[in-house]
Amino acid sequence: MRRRSLLLSVPAGLVTLAACGSDKDDADTAGTSESPSASAPATSAAPSPKIVSGPLPAITAGTGFGQKPTVAKGSGEPSKDLAVKTLIAGSGRTVAENDYIQAHYLGQIWNTGKVFDNSYDRKTPLLIQLAQGTIIDGWRYALAGKKAGSRVMFSVPPTWGYGTQGNAQAGIGGTDTLVFVVDVQNAFNADSSAQGKVVARTDAALPKVGTNTDGKAPAIEVPKKPAPDKLVADYVIEGDGPVVKADSTVLVQYKGVVWDTGKEFDSTYGRHDLTSFSLQQVVKGWAQGLTGKKVGSRVLIVIPPSLGYGDNPPPDSGLTKDSTMVFSVDVLAAM
């Protein structure tokens, strides 16, 4: 089990949400989709599939990357293997197992052509980790090795989908083969960092945060001065992505230290694992500090006790009563 994040507000940061994209062993994930269509079934222990090139149905409209596709009903019997075809080849980061991806997608049933879910109508791409137990195996195997910017079409037999139990909520039966079209917008791994313009900082009363973007933890130098009694949320690096909303789910790299000692108490860099969560599930200082900031940025957040844990810090966290927390946060994606 990976170490749980300390960021969630109750109880003591150990909340697990049963939503699409959640990790049953982690408290640092929150709901990442409004739909159950890509979430993993209760068990995920099928052998690796054989990957073939077809058959796959035709796309009759919306053939461009990022366009909502219209997909014909499957003709004849679908493959018993995992059929995968790259329709548009991207040139971005190569997707690997356990990476996070941000993608638009449409899913339908082979035999009927019934669309059971799509993100295009929601105008919000999916943000999810390609990890066993997090997403159906068909996605993990079909997208591994593809590049960001690619449109990938694949058919998923029940063995690498929802098994013989199907997914009643999505209208998927236990014998249904599923067809997906996925536009992979971006991919992120533990070496991902903020990318943008360095913002000059001149306030000597605030911590200095490193500006390296090599995937390594930035240094945080806390001044030997009294901690501020109000929230600080300033750009270290300003990205050019969309603005984070109060109800966004974000994907981040972060490092946290205690103001009084400068000692690190939590870090995704130390776990070598990114963290995704809803801003509605974190301590108030994080929610308020990241709302309004741009994706791609590194943000210095100084959280006074009243917006953090106050006099009730999580056990064994390294925080003490009334600790002021200092964070460097790289906002990699939001949805």
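Laboratory data are not the source of any read-out in this text; all were calculated from the coordinates shown. Values in this document were obtained by computation on a predicted structure and should not be read as measured data. Neighbour counts run over all protein chains shown; Cβ positions are idealised from the backbone, glycine included.
Which three numbers, in whole Å and largest first, are the semi-axes of the equivalent ellipsoid of segment 136-283 derived from its Cα gyration tensor as √(5λ)?
Values: eigenvalues 342, 60, 41 Å².
Here the semi-axes work out to 41, 17, 14 Å.
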Hull shadow area, averaged, segment 51-188 [alpha-carbon convex hull, nm²]: 7.3 nm²
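Tell me, what are the semi-axes, in whole angstrom and largest first, of the equivalent ellipsoid of the chain as set by the roots of 5 times the Cα gyration tensor eigenvalues?
Details: eigenvalues 328, 80, 47 Å².
One finds semi-axes of 40, 20, 15 Å for the chain.
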Potential lengthening between SER91 and ASN212 on full extension [0.36 nm per residue; Cα-Cα distance subtracted]: 41.1 nm
ASP260, ASP214, ASP247 arranged by Cβ crowding within 10 Å, fewest neighbours leading: ASP214, ASP247, ASP260
Radius ratio Rg over Rh of segment 197-334, counting only Cα atoms, Kirkwood formula for Rh: 0.93
Pairs from LYS114/LYS146; LYS284/LYS321; LYS255/LYS294; LYS225/LYS293; LYS114/LYS147; LYS225/LYS263 whose Cα-Cα separation, in the structure shown, is over 22 Å: LYS114/LYS146; LYS225/LYS293; LYS114/LYS147
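What translational D, rounded to a whole number of µm²/s, comes out for segment 196-276 from Stokes-Einstein when the hydrodynamic radius is the Kirkwood one over Cα pairs, at 25 °C and 0.890 mPa s? Mind showing how you got there, number by number?
Details: Rh = 14.4 Å.
Here the translational diffusion coefficient equals 170 µm²/s.
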Electrostatic dipole magnitude of the chain [Cβ: Lys, Arg +1; Asp, Glu -1; Cα centre; debye, to 20]: 540 debye
For segment 274-335: Kirkwood Rh in Å [reciprocal of mean 1/r, alpha carbons]: 12.4 Å
Whole-Å semi-axes of segment 116-159's equivalent ellipsoid (Cα gyration tensor): 18, 14, 12
Whole-percent pair-distance distribution, where bins are 5 Å wide, for the alpha carbons of segment 127-201: 3, 13, 20, 21, 14, 10, 7, 5, 3, 2, 2, 1
